[in-house]
Structure formats: structure tokens, C-alpha cells
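> Sharing a structure here in C-alpha cells format.
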Amino acid sequence: MSQTELSPAQRARLVRAMERVPFARLLDLQLEAATPGQAVMSLQIRDELRQNLGVVHGGVTASLIDSAAAMAIVPLLAEDESATTVDLTINYLRPLRSGKVTATARVLRAGKRIIAVTADVEDEAGDLAATGLTTYLRFSQK
């Protein structure tokens, strides 16, 4: 993961990955930045993303974490590889009420089969709202 910039092929693969996830469009997730092993994604809080107490639904936060983690992984995969989430643990630390929410994901270890990723979610003020640890299974698409 010493490479700091995306190659044109990696950049194109990220664009394709974002286009192929209708759920990301539903949430209006935005890929803000990416390098091999890291990604930053955001979303703007809106009423449809709130639960009955008026704060962002935990599933939205989980989706943001999982999506940012996936985008951090994509540039590390070979063209014939993919990865899928096998575990996701989230600690919700403060409610998200309004503004832009940002998740920063970083690959901790990319093994031959398992990839471990951590992600932090911050509110618009930069306060930590949630943290997640997820593992992905790497597999061949052949």
C-alpha cells in the first residue's frame, strides 16, 4: 500500500464500482477521495435518512462505513478479483443530526484472502460519530 496515487485503471474501476451500486445512489453517497488502501466518502443528511427520534438511522451510518471500506479496497484488487463483506462491527459514539457526514476508511491489512479495514465517521464539525471495523473476503471472479 505504498502507492499513493491511483493509476488510470484503478480510477476507472472506482468509477465503475460507484456506478454499479444503486443503493449508493439512493443514499447519495459521494466518493470524495481515494488512494490505494484509503477512501473518503460522504453524504448529506436529509429527512429520509432519519429514524423516528430525528437522528440518522444506524443503517445509514453502517452503509456509509461499508461503502467507504469497499472503495478503499477496490484499487488493491487484481482485475479478476472482487471482495465481499464478511463482518462489520460499528460503535456509534454520538448522534448525527444534520449537515455533511464523512467516513474515512483505511485498510489495516490486505492478506491473500482476508482484508481488514477500519473507518471513522465524522460529523460536519469534525466530531467522531462512529467507528467501524470490517473484514472482507477476497475472491476470484473466474
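> Output the residue which, of all residues in the range 94-119 that are assigned to a loop (DSSP other than H, G, I, E, B) and free of Cβ contacts under 8 Å to residues at least 40 places away in the same chain, is farthest from PRO75 (Cα to Cα). Give the derivation first.
Here is the first cut: in the range 94-119, the residues assigned to a loop (DSSP other than H, G, I, E, B) are 94-99, 111-113.
Then drop every residue that is not free of Cβ contacts under 8 Å to residues at least 40 places away in the same chain, which leaves 94, 111-113.
On the way: ARG94: 31, GLY111: 14, LYS112: 15, ARG113: 16 Å.
Once the filter is applied, the top-ranked residue is ARG94.
> For GLN38, which of the numbered conditions (1) closer than 24 Å to THR89 by Cα; (2) polar (S, T, N, Q); (3) touching a strand residue (DSSP E or B) at 6+ places or on another chain (Cβ under 8 Å); (4) without any contact (Cβ under 8 Å) to a residue 40 or more places away in the chain fails to hold?
(4)
> Listed residues SER63, SER82, SER42, SER67; which is modelled with pLDDT of 95 or more and within 18 Å of ILE115 (Cβ to Cβ)? First the steps, then the outcome.
Working: SER63 fails: within 18 Å of ILE115 (Cβ to Cβ); SER82 fails: modelled with pLDDT of 95 or more; SER42 fails: within 18 Å of ILE115 (Cβ to Cβ).
Exactly one of SER63, SER82, SER42, SER67 is modelled with pLDDT of 95 or more and within 18 Å of ILE115 (Cβ to Cβ), namely SER67.
> For the range 1-47, name all the residues that are out of contact with any Ser or Thr (no Cβ under 6 Å at 6 or more places or on another chain), part of a loop (DSSP other than H, G, I, E, B) and of a type in the set (A, V, I, L, M).
Those that are out of contact with any Ser or Thr (no Cβ under 6 Å at 6 or more places or on another chain), part of a loop (DSSP other than H, G, I, E, B) and of a type in the set (A, V, I, L, M): MET1, LEU6, VAL21.
> Every residue in the range 109-142 that is in contact with a Gly (Cβ under 9 Å, 6 or more places away or on another chain), of a type in the set (A, V, I, L, M) and surrounded by fewer than 19 Cβ atoms within 10 Å (Cβ to Cβ), please.
Taking the range 109-142 and keeping what is in contact with a Gly (Cβ under 9 Å, 6 or more places away or on another chain), we get 110, 117-121, 123-125, 130, 138.
So of that shortlist, the ones also of a type in the set (A, V, I, L, M) come out as 110, 117, 119, 121, 125, 130.
Of everything in the range 109-142, just one residue is in contact with a Gly (Cβ under 9 Å, 6 or more places away or on another chain), of a type in the set (A, V, I, L, M) and surrounded by fewer than 19 Cβ atoms within 10 Å (Cβ to Cβ), namely ALA125.
> Okay, next question. Is it the case that some residue within the range 87-109 is touching a Phe, Trp or Tyr at 6+ places or on another chain (Cβ under 8 Å) and either over 19 Å from PRO36 (Cα atoms) or not basic (Lys, Arg) (or both)?
Pass one, the range 87-109, residues touching a Phe, Trp or Tyr at 6+ places or on another chain (Cβ under 8 Å): none.
Checking the range 87-109: not a single residue is touching a Phe, Trp or Tyr at 6+ places or on another chain (Cβ under 8 Å) and either over 19 Å from PRO36 (Cα atoms) or not basic (Lys, Arg) (or both).
> Name the residue, out of ALA83, ALA70, that is surrounded by 19 or more Cβ atoms within 10 Å (Cβ to Cβ), in contact (Cβ under 8 Å) with a residue 12 or more places away in the chain, touching a Lys or Arg at 6+ places or on another chain (Cβ under 7 Å) and of a type outside the set (S, T, N, Q).
Numbers: ALA70 fails: touching a Lys or Arg at 6+ places or on another chain (Cβ under 7 Å).
Among ALA83, ALA70, only ALA83 is surrounded by 19 or more Cβ atoms within 10 Å (Cβ to Cβ), in contact (Cβ under 8 Å) with a residue 12 or more places away in the chain, touching a Lys or Arg at 6+ places or on another chain (Cβ under 7 Å) and of a type outside the set (S, T, N, Q).
The values are calculated or read from the model by the stated rules, or taken from the named source; none is laboratory data. Since we're looking at a predicted model, the values are computed, not measured. In this analysis, Cβ positions are derived from the backbone assuming ideal geometry, glycine residues included, and neighbour counts consider all displayed protein chains.
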